[in-house]
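The values are calculated or read from the model by the stated rules, or taken from the named source; none is laboratory data. Model, not experiment: these values are computed from the prediction. FYI the Cβ positions are ideal-geometry reconstructions off the backbone, even for glycines, and counts take in every protein chain you see.
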(Lines give C-alpha, C1' and ligand atoms only; values in the text may rest on other atoms or scores of the structure.)
Protein backbone atom coordinates (compact mmCIF):
# COMPACT_ATOMS: atom_id res chain seq x y z
CA UNK A 1 0.00 0.00 0.00
CA UNK A 2 1.33 3.50 -0.77
CA UNK A 3 2.72 5.57 2.02
CA UNK A 4 0.44 8.20 3.48
CA UNK A 5 1.34 11.78 2.73
CA UNK A 6 1.01 14.15 5.66
CA UNK A 7 1.75 17.41 3.83
CA UNK A 8 -1.70 18.96 3.79
CA UNK A 9 -3.51 16.39 1.66
CA UNK A 10 -1.32 16.82 -1.45
CA UNK A 11 -0.43 13.47 -3.02
CA UNK A 12 3.29 12.85 -3.27
CA UNK A 13 5.12 11.69 -6.38
CA UNK A 14 5.46 8.25 -4.85
CA UNK A 15 1.69 8.08 -4.30
CA UNK A 16 0.99 9.13 -7.89
CA UNK A 17 3.26 6.43 -9.29
CA UNK A 18 1.97 3.61 -7.12
CA UNK A 19 -1.67 4.70 -6.99
CA UNK A 20 -4.22 2.09 -8.09
CA UNK A 21 -5.45 2.11 -11.67
CA UNK A 22 -9.06 2.74 -12.77
CA UNK A 23 -10.13 -0.78 -11.78
CA UNK A 24 -8.66 -0.52 -8.28
CA UNK A 25 -5.68 -2.85 -8.86
CA UNK A 26 -2.32 -1.55 -7.62
CA UNK A 27 0.01 -0.43 -10.37
CA UNK A 28 3.35 -2.11 -10.68
CA UNK A 29 6.26 0.18 -11.25
CA UNK A 30 8.99 -1.20 -13.43
CA UNK A 31 12.22 0.03 -14.95
CA UNK A 32 11.77 -2.04 -18.10
CA UNK A 33 11.12 -0.40 -21.44
CA UNK A 34 7.55 -0.79 -22.68
CA UNK A 35 6.88 -3.43 -25.30
CA UNK A 36 5.25 -0.91 -27.63
CA UNK A 37 6.32 2.72 -27.92
CA UNK A 38 3.31 4.98 -27.79
CA UNK A 39 5.06 8.30 -28.30
CA UNK A 40 8.37 9.70 -29.49
CA UNK A 41 10.42 12.46 -27.96
CA UNK A 42 10.52 15.69 -29.89
CA UNK A 43 14.05 16.76 -30.88
CA UNK A 44 15.63 19.50 -28.82
CA UNK A 45 14.41 22.78 -30.34
CA UNK A 46 11.60 21.01 -32.16
CA UNK A 47 8.88 23.17 -30.64
CA UNK A 48 6.94 25.77 -32.56
CA UNK A 49 8.89 28.69 -33.99
CA UNK A 50 5.89 30.98 -33.41
CA UNK A 51 3.01 30.97 -30.88
CA UNK A 52 0.45 28.19 -31.10
CA UNK A 53 -2.36 30.53 -32.20
CA UNK A 54 -0.39 31.60 -35.29
CA UNK A 55 -1.29 29.96 -38.63
CA UNK A 56 0.61 26.77 -39.55
CA UNK A 57 3.01 28.40 -42.08
CA UNK A 58 4.02 31.03 -39.53
CA UNK A 59 4.77 28.33 -36.94
CA UNK A 60 7.13 26.57 -39.37
CA UNK A 61 8.80 29.60 -40.97
CA UNK A 62 12.42 28.35 -40.54
CA UNK A 63 11.67 25.18 -42.48
CA UNK A 64 9.77 27.17 -45.13
CA UNK A 65 12.73 29.54 -45.58
CA UNK A 66 15.13 26.65 -46.20
CA UNK A 67 12.72 24.75 -48.46
CA UNK A 68 11.92 27.89 -50.46
CA UNK A 69 15.64 28.53 -51.02
CA UNK A 70 16.21 24.94 -52.14
CA UNK A 71 13.14 25.03 -54.42
CA UNK A 72 14.27 28.29 -56.02
CA UNK A 73 17.77 26.84 -56.49
CA UNK A 74 16.34 23.73 -58.16
CA UNK A 75 14.20 25.91 -60.44
CA UNK A 76 17.22 28.00 -61.45
CA UNK A 77 19.22 24.82 -62.07
CA UNK A 78 16.44 23.47 -64.28
CA UNK A 79 16.33 26.78 -66.19
CA UNK A 80 20.01 26.37 -67.16
CA UNK A 81 21.55 28.59 -64.47
CA UNK A 82 23.39 25.62 -62.99
CA UNK A 83 26.05 27.40 -60.96
CA UNK A 84 23.74 30.01 -59.45
CA UNK A 85 21.08 27.41 -58.68
CA UNK A 86 23.43 25.06 -56.89
CA UNK A 87 25.02 27.95 -54.99
CA UNK A 88 21.53 28.91 -53.82
CA UNK A 89 20.83 25.34 -52.69
CA UNK A 90 24.06 25.26 -50.67
CA UNK A 91 23.36 28.71 -49.22
CA UNK A 92 19.86 27.59 -48.16
CA UNK A 93 21.34 24.61 -46.31
CA UNK A 94 23.92 26.87 -44.63
CA UNK A 95 21.07 29.20 -43.64
CA UNK A 96 19.31 26.18 -42.12
CA UNK A 97 22.43 25.45 -40.05
CA UNK A 98 22.57 29.07 -38.85
CA UNK A 99 18.85 29.10 -37.99
CA UNK A 100 19.21 25.83 -36.09
CA UNK A 101 22.16 27.27 -34.16
CA UNK A 102 20.62 30.66 -33.30
CA UNK A 103 16.93 30.00 -32.70
CA UNK A 104 15.70 28.10 -29.65
CA UNK A 105 12.68 26.67 -31.50
CA UNK A 106 12.77 25.93 -35.22
CA UNK A 107 9.78 23.64 -35.61
CA UNK A 108 10.18 20.83 -38.10
CA UNK A 109 13.66 22.02 -39.12
CA UNK A 110 14.81 20.19 -35.98
CA UNK A 111 15.19 16.56 -37.00
CA UNK A 112 17.89 15.26 -34.69
CA UNK A 113 19.91 16.80 -31.88
CA UNK A 114 21.04 20.39 -32.34
CA UNK A 115 24.69 19.41 -32.88
CA UNK A 116 23.82 16.76 -35.48
CA UNK A 117 21.47 19.09 -37.37
CA UNK A 118 24.03 21.91 -37.47
CA UNK A 119 26.81 19.56 -38.57
CA UNK A 120 24.65 17.92 -41.26
CA UNK A 121 23.25 21.15 -42.71
CA UNK A 122 26.63 22.88 -42.48
CA UNK A 123 28.71 20.13 -44.08
CA UNK A 124 26.22 19.43 -46.89
CA UNK A 125 25.78 23.15 -47.58
CA UNK A 126 29.54 23.77 -47.64
CA UNK A 127 30.21 20.82 -49.95
CA UNK A 128 27.48 21.91 -52.37
CA UNK A 129 28.80 25.50 -52.44
CA UNK A 130 32.40 24.36 -52.99
CA UNK A 131 31.42 21.95 -55.76
CA UNK A 132 29.29 24.63 -57.43
CA UNK A 133 32.25 26.99 -57.41
CA UNK A 134 34.61 24.34 -58.88
CA UNK A 135 32.30 23.12 -61.67
CA UNK A 136 33.64 23.20 -65.24
CA UNK A 137 33.84 25.15 -67.57
CA UNK A 138 35.43 28.27 -66.11
CA UNK A 139 35.50 27.38 -62.42
CA UNK A 140 35.31 30.25 -59.94
CA UNK A 141 37.48 28.33 -57.49
CA UNK A 142 40.60 26.41 -58.40
CA UNK A 143 42.35 24.13 -55.95
CA UNK A 144 45.88 23.70 -57.34
CA UNK A 145 46.73 20.37 -55.72
CA UNK A 146 43.39 18.74 -56.60
CA UNK A 147 44.52 17.84 -60.13
CA UNK A 148 47.66 16.20 -58.74
CA UNK A 149 45.65 14.21 -56.18
CA UNK A 150 43.24 13.00 -58.87
CA UNK A 151 46.12 12.13 -61.20
CA UNK A 152 47.89 10.19 -58.42
CA UNK A 153 44.79 8.24 -57.34
CA UNK A 154 43.43 7.48 -60.82
CA UNK A 155 46.73 6.82 -62.64
CA UNK A 156 47.34 3.25 -63.67
Note: among 74, 94, 88, just one is under 20 Å from the mean Cα position of the chain (by Cα) and more than 30 Å from residue 52 (Cα to Cα), namely 88
If we keep only residues of the stretch 99-116 that are more than 16 Å from residue 49 (Cα to Cα) and assigned to a helix (DSSP H, G or I), then the residue nearest to the chain's Cα centre (by Cα) is 116
Looking across the stretch 52-83 at residues that are outside any helix (DSSP H, G or I) and out of contact with any helix residue (DSSP H, G or I) (no Cβ under 6 Å at 6 or more places or on another chain), the single one that is modelled with the highest pLDDT is 79
Scanning the stretch 117-156 residue by residue, those part of a loop (DSSP other than H, G, I, E, B) and surrounded by 10 or more Cβ atoms within 10 Å (Cβ to Cβ) turn out to be 135, 139, 140, 141, 143
